[in-house]
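Encoded as structure tokens, the structure appears first; notes follow it.
The values are calculated or read from the model by the stated rules, or taken from the named source; none is laboratory data. Fair warning: this is a prediction, and the values are worked out from it, not measured in the lab. Using ideal geometry, Cβ is built from the backbone for each residue, glycine included, and neighbour counts are taken over all protein chains shown. We work out accessible area using only protein heavy atoms, side chains counted, and drop any ligands, DNA or RNA first. Shrake-Rupley method; radii C 1.70, N 1.55, O 1.52, S 1.80 Å.
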Amino acid sequence: MIRIENLSDETQNNLTKALLESSLLFVHSNDEMVGLQRNEVFLKTVFAIIVSENKPCASDQIASIFSEKFHKDINPDEISKALGRLEFIQWIHKEGYGFVPNVKIAKIMKDNVADIEQRKQNLVQDLIDKLQINLEQTLSKEVRNKVAENIKLTLNLYVRLHGMELFIDADDGADSDNDVSDEEIINQVKTELPDDVGNVLIEVLSDMIAQPTAEQKLTIRLLVKTLIGAQIMQVDPQLSQLQVDKIKDKTFVLDTDFLLSCIVKNLKESGEYKKLLSKLRRIGCNLIVPNEVVTEIVKHVQNAEGNYGYFKNTYNATDPKDIEDYATNVFVRDYYLSKDKNKHSFKEYLDNKYYDREAPRPLIETIITKELHLPLCDEDKLSITDDLQHQKEDLEKKIRETTRLSPKSKRRDDEEIASIAETDAKLFLYVLSQNQHTIENNNGDLLSGISYLITYTSKSIRCAKSMGLECSYVTRPEILINILYEIGLLDDSKEELFNIFDNPFLTHIINENWETIKKLSSLGVSLHNRSFSKLDRDLGEAMNKYLSQKSEFDNIPETDRTEAIKLKAANDYLAFLKEVQKKHYDLMPEVQIMADSLTNKDKELAEERRQKEEVQSKYVRKEYRQQHYDKMMEHVKKSDKKNANRFSKKKRHR
């Protein structure tokens, strides 16, 4: 399998490196500079073979390499034409019995490799610097080196996940090496790192994917497209010769999640997915929206308000992008990313655009047919061959079990999970049924089948693989987008590349800290621009103490809650909010107003107590002075009386 680190890895074979260098030549340079169009895949592949030999290479050697390394029997005339074209545009020249690369092109390739390697180093250093800032410490050289290694390997897995996951390895005809999971990516990040460093590194990578700098975005784009181009040359070097003719007769079945992303307008991937649909439609492809998918979408819109209630506090407390991929309902995510949320309630947003409460299905069907210009499928059109029908129950069961384990399914009931599994199994087996006659003749070429399922979930693929079923007729949207780009059927989307990427790092962070996020959100703590991995450390103790106090209050019957008990509950909450603010966390605006009100009320009560105490103190002091005066006067009276008696005795004595 071609990997992005192969450009600088001296242990890799020359052909693999040459494929990457040739691909990078087109990604990094414009067509005018290199003299070829990016869709001339065969010419790029022939050139890469010549580069890899490091000696004059003749046409018979090129044919032999195609047969041995690519498992392709190429017509000698095609190779001769390619050599003639490459010589004409001065990419190669004759030397002895064969051809060698021209010095000018060789220098451009060398400069491009040096540039991408420097970009990769800069990206890694950016992430290490951010990691140390977030950790508030300087890591040892040994740990920094390990972090750098993990970042490089993680980026390789990440790029494979979003560009190459379903491509067949030409070396062995198996695609198991491509099967990258989110869990594998997360584990790679944390390999041999202290827990605190690994967890914060995940957050740093998440931030980079969510909000990359211009340079970071360009670097990832170069890596992805270089890998895509090299893999296409390796797997299907003659793809561009067929182009539209090879694709226009294909059938593409659209799954629920993909179509939902096309229906709404504000998700990061919506624009790119709609462009893909439009291009496939214009080419002449047959696009199928299964009846089951429409049913799932109707259920999705009907469940939206319940999902909104679950996520409302959390969305208000965080940046919507932070939990966008974690929330289960597309309409909820779309609402929070739209401008409508400041003008309309969620119910108004839903009713105005997507939900007819009396007849929900006709409205969804109208959106699909009129706005997306897609035909609806007949109810019985998706038939499964008898030999696959008996495997439907087993596949459905595996998908159901896999779906139940996903983080999003914590908020799905058994009926919803069962419905998802049934639909996924049926769509997968339908597509496989359509390709039954092509499986034996499948030589690994891209898009060699009749029918494909477009989905960005891989659970059905993994489940089918475990049953030994053929999985090369399922494709992620980003793979299809990149294939169409490479053969010249889609324009380059420089700024939108990240729009079709998932963020497994963020999904992991949210999943690991969800309960804390949910509790703090419900208590009115603002988590905007906060590190989710630090929440429990910063606020866990104060939160758990208050929740314990709140639980005691909640268990008191309403009739037994005296004013004193209610006042204590209010003071407990206020004390918690003060602890939150001591840690430099903000409160939600409405909670801040309430806290200020409680604080002001507390100040008023304190002032009232102070005044009472002052009055009481004055009264006490006055009483004390009066008592002291009375005692003095009593003493004086007694003294006067004693003196008077003494004077009287003296007088009588005389």
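Figures for the structure shown
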item: Segment 65-128-segment 271-318 distance, computed between alpha-carbon centres (Å); result: 42
item: Entries of Lys44/Lys110; Lys279/Lys426; Lys312/Lys347; Lys299/Lys410 with Cα pairs more than 19 Å apart; result: Lys279/Lys426
item: FRET E, pair Asn102, Glu68, Förster distance 22 Å, beta-carbon r, rounded to 0.05; result: 0.25
item: Pair Glu415, Glu305: separation of 7 Å Cα→Cβ label points (nm); result: 1.7
item: Thr599 versus Ala214: modelled label distance in nm, points set 7 Å from Cα along the beta carbon direction; result: 4.1
item: Segment 294-342: radius of gyration over Cα atoms, expressed as a fraction of 2.2 N^0.38 Å; result: 1.11
item: Distance between modelled label sites at Asp586 and Gln616, nm, 7 Å Cα→Cβ extension; result: 4.2
item: Probe 1.4 Å, all protein chains present, accessible-area order of Thr475, Thr559, largest first; result: Thr559, Thr475
item: Residue-wise HN-Hα coupling along segment 276-283, computed from phi with Karplus coefficients 6.51, -1.76, 1.60 (Hz; x: Gly, Pro); result: 4, 4, 4, 5, 4, 5, 5, 5
item: Reach of Lys566 by Cα under 16 Å, taken over lysines that are not fewer than 8 positions away in the same chain; result: Lys550, Lys601
item: Long pairs among Lys568/Lys612; Lys397/Lys534; Lys339/Lys582; Lys146/Lys518, criterion Cα-Cα beyond 27 Å; result: Lys397/Lys534; Lys339/Lys582; Lys146/Lys518
item: Derived scalar couplings ³J(HN,Hα) [segment 194-205; Karplus, 6.51 cos²θ - 1.76 cosθ + 1.60; whole Hz; x for Gly, Pro]; result: x, 4, 5, 5, x, 5, 6, 4, 4, 5, 5, 5
item: Residues whose placed amide H lies under 5 Å from that of Ser451, excluding near-sequence neighbours; result: Thr251
item: Built amide H within the under 5 Å cut-off of Ile288, gap 5+; result: Phe252, Val253, Leu254
item: Distant-in-sequence amide H partners of Leu587 (H built 1.01 Å from N, under 5 Å); result: Ser526
item: For segment 56-170: relative contact order, % (alpha-carbon pairs under 8 angstrom, 6 or more apart); result: 21
